[in-house]
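The values are calculated or read from the model by the stated rules, or taken from the named source; none is laboratory data. Keep in mind it's a predicted model, so treat the numbers as computed, not measured. As a convention, Cβ positions derive from the backbone with ideal geometry for all residues, glycine included, and neighbour counts pool all protein chains shown. Areas reflect the complete protein model, heavy atoms only, side chains present, ligands, DNA and RNA absent. Shrake-Rupley method; radii C 1.70, N 1.55, O 1.52, S 1.80 Å.
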Amino acid sequence: MSKPITSHASSPPIAKRSDDDEERANMALIFNKYKGRITTLRKEKGWMTENLYMYQGFWHQSGRRISIEAVMAIQDTFKVHPTDIYLATMPKSGTTWLKALVFALVKRNKYKSDSLTHPLLVSNPHICLPFIESEIFRNTPTYVDGDSPRLLATHIAYTSLPQSIRDSSCRFVYLCRNPKDVLVSMFHFANKLSNKSSGLMTFEEAFKMFSKGIMPNGPYWDHVKGYRKVSLEHPKNVLFLTYEEMSTNTTNIVKRLAEFLGYPFTEEEEAKGVVQEIVMLCGFDNLSEVNKHGNIREGIPNSVFFREGKVGDWKNHLTDEMSLVLDEITKEKFHGLDISFPNQVYKINHGE
Ligand code: A3P
């Protein structure tokens, strides 16, 4: 099943990149359009950027692709298609992995996972399956390659999605991860990509901000809660998964994903090992090797999306006290939502 991997994820073969200049010009126009609205918003110190801005209950960066300007532009101009498939996550919850798995399984007839030219072997999952937030800056958003269904990802909170998406019956997959691992992952990611004049963050600073809900697209708990509630109300439209269950039970989760998205594996495919091939193709070892070199775009190395890829790295970073604080917040915020991580269960509480 496993095959030798050649590492060359530097040129995007799927989404044809529009001219950098054109994209930069669009970004400048959009940033300028919303400048006035942003200056009126509450702000806090950022993780990678100088500031984060509070908009509709969530913190956003400004002047980047994943930004408040992108959210506003999407709310103003984005058009939903009834067959769209959306992957929603808080940053650092396993977005890259989920993108790879969904891309590989939905496109398995077009791109065979045992082919050495499979897009996931020559490109980054973020190129194969883009964020709406970055596509909105393009003159002609590729939305992969024009195929239906369009596969799109987003970090936007449920309540900030355009009404047309919320009114649609499009399918959503939400991937949630233990907040302690999200904090650790975000801390490393932010320090790698930081362009703040004040320099790098300490872990204590990151912990304090995270606990107060201040991180890009946070508060973490409100983001998860928004999608969790919809998944409980509309289970046919929203599949709620955790990074932890995906790590321990990848094969079953891939099968569940395939069924939910309307691409179930046939008995023949299962017998031929197609599910396992997809799991291997999208596994951390494989993708981190493919993405060892090159940049997804200027200043963002492919490798920055792959660090440890493990459950529970928080144990190497959080003190007992920090862990307790986050447990308490999580218990309170996830009350009644039946969300669990290993060793921690935030079950529906019937008043006990
Ligand atoms: P760590 O920093 O804990 O290692 P996102 O994709 O939402 O930005 O999340 C990044 C996290 O997912 C990182 O976690 C990264 O290592 C992990 N990750 C990326 N690809 C993965 C894969 N194929 N399998 C498991 N984890 C993966």
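Looking only at the range 58-72, count every residue that is within 14 Å of Y34 (Cβ to Cβ) and not in a loop (DSSP other than H, G, I, E, B) and tell me the total.
Total satisfying the criteria: 6.
Which one is farthest from M215 (Cα to Cα) among residues in the range 88-119 that are more than 10 Å from the ligand (Cβ to nearest atom) and under 17 Å from the mean Cα position of the chain (by Cα)?
Among those residues, the one meeting the criterion is A104.
Residue-wise test of (1) closer than 30 Å to T83 by Cα; (2) within 12 Å of the ligand (Cβ to nearest atom).
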{"residue": "F172", "(1), (2)": "yes, no"}
{"residue": "M186", "(1), (2)": "no, yes"}
{"residue": "F189", "(1), (2)": "no, yes"}
{"residue": "S194", "(1), (2)": "no, no"}
{"residue": "S197", "(1), (2)": "no, no"}
{"residue": "T202", "(1), (2)": "no, no"}
{"residue": "E233", "(1), (2)": "yes, no"}
{"residue": "L241", "(1), (2)": "yes, no"}
{"residue": "M246", "(1), (2)": "yes, yes"}
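Does V311 meet the test of being within 14 Å of the ligand (Cβ to nearest atom), part of a loop (DSSP other than H, G, I, E, B) and within 17 Å of the chain's Cα centre (by Cα)?
So V311 passes the test.
Pick from the range 272-305 the residues that are assigned to a strand (DSSP E or B) and among the β-branched types (V, I, T): which of them is surrounded by the most Cβ atoms within 10 Å (Cβ to Cβ)?
Once the filter is applied, the top-ranked residue is I296.
Which condition does E308 not pass, out of (1) loosely packed, with under 11 Cβ neighbours inside 10 Å; (2) at pLDDT 95 or above, if it passes all the others?
Here E308 meets the rest and fails (1).
Mind checking which residues of the range 162-203 are more than 18 Å from P216 (Cβ to Cβ), assigned to a strand (DSSP E or B) and open to solvent by less than 30 Å² (accessible area, probe 1.4 Å)?
Answer for the range 162-203, where residues must be more than 18 Å from P216 (Cβ to Cβ), assigned to a strand (DSSP E or B) and open to solvent by less than 30 Å² (accessible area, probe 1.4 Å): F172, V173.
Just to check your reading of the model, which residue among S160, S194 is under 17 Å from the mean Cα position of the chain (by Cα) and among the hydroxyl-bearing types (S, T, Y)?
Of the residues listed, the single one that is under 17 Å from the mean Cα position of the chain (by Cα) and among the hydroxyl-bearing types (S, T, Y) is S160.
Just to be sure I understand, how many residues within the range 248-261 are more than 16 Å from the ligand (Cβ to nearest atom) and without any contact (Cβ under 8 Å) to a residue 24 or more places away in the chain?
3
What are the residue pairs meeting all of these: first residue in the range 70-99, first residue touching a residue at least 24 places away in the same chain (Cβ under 8 Å), second residue among the basic types (K, R) and within 16 Å of the ligand (Cβ to nearest atom), Cβ atoms under 7 Å, and 6 or more apart or on different chains?
L87/K99; S93/R177; G94/R177
The rows are residues; the columns are (1) crowded, with 24+ Cβ neighbours inside 10 Å; (2) in a loop (DSSP other than H, G, I, E, B).
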site	(1), (2)
K99	yes, no
V102	yes, no
L105	no, no
L116	no, yes
L121	no, no
H126	no, no
F137	no, yes
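Restricting attention to the range 122-136, which residues are β-branched (V, I, T) and more than 17 Å from I278 (Cβ to Cβ)?
I127, I132, I136
Scan the range 118-140 and give yes if some residue there is of a type in the set (A, V, I, L, M, F, W, C) and under 19 Å from W59 (Cα atoms), otherwise no.
Yes, the range 118-140 contains a residue that is of a type in the set (A, V, I, L, M, F, W, C) and under 19 Å from W59 (Cα atoms).
Just name the residue that is most open to solvent (accessible area, probe 1.4 Å) out of those in the range 17-41 that are modelled with pLDDT of 95 or more and touching a Ser or Thr at 6+ places or on another chain (Cβ under 8 Å).
Out of the qualifying residues, it is F31.
Can you find even one residue in the range 186-196 that is among the hydrophobic types (A, V, I, L, M, F, W, C) and over 20 Å from K45 (Cβ atoms)?
Looking for residues that are among the hydrophobic types (A, V, I, L, M, F, W, C) and over 20 Å from K45 (Cβ atoms), one finds none in the range 186-196, hence no.
Based on what the data block shows, is F58 at pLDDT 95 or above, open to solvent by less than 30 Å² (accessible area, probe 1.4 Å) and farther than 30 Å from K212 by Cβ?
Here the answer is no, as F58 does not meet what is asked.
Could you please give the count of residues in the range 234-271 that are of a type in the set (F, W, Y), more than 17 Å from A88 (Cα to Cα) and in a helix (DSSP H, G or I)?
The qualifying residues number 0.
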